[in-house]
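Reading through the structure tokens given below for one structure.
The values are calculated or read from the model by the stated rules, or taken from the named source; none is laboratory data. All values derive from a computational prediction rather than experimental measurement. Heads up, the Cβs are rebuilt from the backbone with ideal geometry, glycines too, and the neighbour counts pull from every protein chain shown.
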Amino acid sequence: MIELIGIKKGFEGKVVLDDISAVMESGKTNLIIGTSGSGKTVLMKCMVGLFDIDEGEILYNKANFSQLPDRERKDIRKEIGMLFQGTALFDSMTVEQNVMFPLEMFSDLSYHEKKARVNFCLDRVNLKDAHKKFPAEISGGMKKRVGIARAIVLNPKYLFCDEPNSGLDPQTSMVIDRLIHELTVEYNITTVINTHDMNSVMEIGDNILYLYQGHKQWEGNRKEIIYSKDEKLNAFIFASEFLQDAKQMRQIEMQKDRADNADAQTR
Amino acid sequence: MLKSMFSRPENWRMFWKQFMRQCVDIGIGSLGIVLIISVFIGGVSTIQTAYQLVSPLIPRSTIAQVVRDSMILEFSPTITCIVLAGVVGSKIASELGNMRVSEQIDALEIMGINTKGYLILPKIMAALLVIPMLVAISGFVGIWAGKVAGEFSGILSSRDYMQGLVMEFKGYNIFFALTKAYTFAFIIASISSYFGYYVKGGALEIGQASTKAVVTSCVFILLADYGLAALLLA
């Protein structure tokens, strides 16, 4: 579990994050949503220690990550896996070498054990035939899956995904979302995802934190988001008329379901 | 940057692999251009020195002395390293810049790796090991090329050249050349790494960082050249 308490961060006098508090639960996909420039990526980078916060605390299972000395931060970092927006694969290494890299740096396994672990992770993300290819030779969706495989190869407790669907078609986005969600539940990982993809929000959003201009505007889950009365949130989610119609239809269906359930219970 | 480089590597085997890779990239990758430059500098030095040697009272073997001392004291360390600032320096700056812009450095940081220790220190150590070797090779090849050029152009015989080579040879010149080589190697690797590691932006900024790395390295090499000459030879 990760707790954020009163996080504040600014750059050159401009406040980018203002008093953000939230809890990211383990075994759940915790989404951070918001418009471009709302502070999602800055918040995520603060959580993994790429930026130092100005005020507040970031607790990883009660350990204050933001106050820890570098050596102890490294220990927590070894439990973190991260999927970057651009995947950040090492382009001079093959797919197999990319996934093997964390094992070679931090594990004492034999070569065969490492190979077996790499094969397992690549199979788990449905990449069986790409081991010897370089990142430049594979598609965007495949790169994301390699990124996920590399992120989970050391059995992390925390998984961070910065806009995992950017640049992907809707079908592939769904595959990536479901994969992340399955891994989260299967390994009881605390997963934090930055996204502004509403499909992701509706499909896998167990906990959703909505940021607006660096402030926490709303918090809830994918069922509650439909009924939210927050105008800024509604303007963000249902930006298109199509989605507004979809929201109305969904609300009608849910009311129907509730009515049917109530009838069934009465009988 | 330099202070935070020096920490215990997370994995010695991986650090060694990275170091050896850099030695091959810097050493083998630059050997061709160093040889070409050295051959031509040695040959041209012989011909131009002969051209300037107008008095018949001065023995022809003096040409070999001049070529030897010029190669050892100046051409091999300084000109070779200025060329290496372009070849090696731009490679280091653009490699690190690319890694920075594509978030590969961030990915390493998040894995818990000291990126300065893993990416920069092997480059500096490899430069300190390999560049003095390249300077030494340059000296030998340049002096040999001078002999060949002298023979082909009929300026002086091989016997006269060899006689001149051993006359009034000072071992201190070798020490001076190696001091320059180590100093310039550190300048090239550290300045290029700095510009590449701290790049912000995209492809344009990577190109600018690469250019700045080369220009700054060259300026510092020339300043150090003068400083070392004033300190050690005056």
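Key figures
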read-out	value
Number of positions in the stretch A:88-108 that are surrounded by fewer than 20 Cβ atoms within 10 Å (Cβ to Cβ) and within 16 Å of residue A:156 (Cβ to Cβ)	2
Residue that is nearest to residue B:188 (Cα to Cα), among those in the stretch B:1-56 that are within 14 Å of chain A (Cβ to nearest Cβ), assigned to a loop (DSSP other than H, G, I, E, B) and of a type outside the set (Gly, Ala, Ser)	B:6
From A:192, A:153, residue being of a type outside the set (S, T, N, Q), under 11 Å from the mean Cα position of the chain (by Cα) and crowded, with 21+ Cβ neighbours inside 10 Å	A:192
In the stretch A:129-144, residue surrounded by the fewest Cβ atoms within 10 Å (Cβ to Cβ) [restricted to those that are charged (D, E, K, R) and in contact with a helix residue (DSSP H, G or I) (Cβ under 7 Å, 6 or more places away or on another chain)]	A:132
Of all residues making up the stretch A:58-73, the number that are in a loop (DSSP other than H, G, I, E, B) and either polar (S, T, N, Q) or within 8 Å of chain B (Cβ to nearest Cβ) (or both)	1
Condition check for residue A:199: more than 23 Å from residue A:24 (Cα to Cα) and either among the small types (Gly, Ala, Ser) or at pLDDT 80 or above (or both)	no
Test result for residue A:180, surrounded by 21 or more Cβ atoms within 10 Å (Cβ to Cβ), not in a strand (DSSP E or B) and not charged (D, E, K, R)	yes
Odd one out for residue B:59 among (1) part of a helix (DSSP H, G or I); (2) away from chain A (no Cβ under 14 Å)	(1)
Within the stretch A:15-52, considering residues that are in contact with a strand residue (DSSP E or B) (Cβ under 7 Å, 6 or more places away or on another chain) and part of a helix (DSSP H, G or I), the one nearest to the other protein chains (Cβ to nearest Cβ)	A:48
Qualifying positions in the stretch A:212-235 - under 19 Å from the mean Cα position of the chain (by Cα) and either assigned to a helix (DSSP H, G or I) or modelled with pLDDT under 75 (or both)	A:225
Hey, residue A:96 away from chain B (no Cβ under 14 Å), part of a helix (DSSP H, G or I) and closer than 18 Å to residue B:111 by Cα or not	yes
Number of positions in the stretch A:74-84 that are buried (at least 18 other Cβ atoms within 10 Å of the Cβ), in a loop (DSSP other than H, G, I, E, B) and more than 7 Å from chain B (Cβ to nearest Cβ)	0
Test for residue A:71: is it among the charged types (D, E, K, R) and surrounded by 15 or more Cβ atoms within 10 Å (Cβ to Cβ)	no
Candidates A:250, A:178, A:258, A:267, filtered to the one that is of a type in the set (Lys, Arg) and under 25 Å from residue A:1 (Cβ atoms)	A:178
Some residue of the stretch B:89-99 being of a type outside the set (Ser, Thr, Tyr) and more than 26 Å from residue B:223 (Cβ to Cβ)	yes
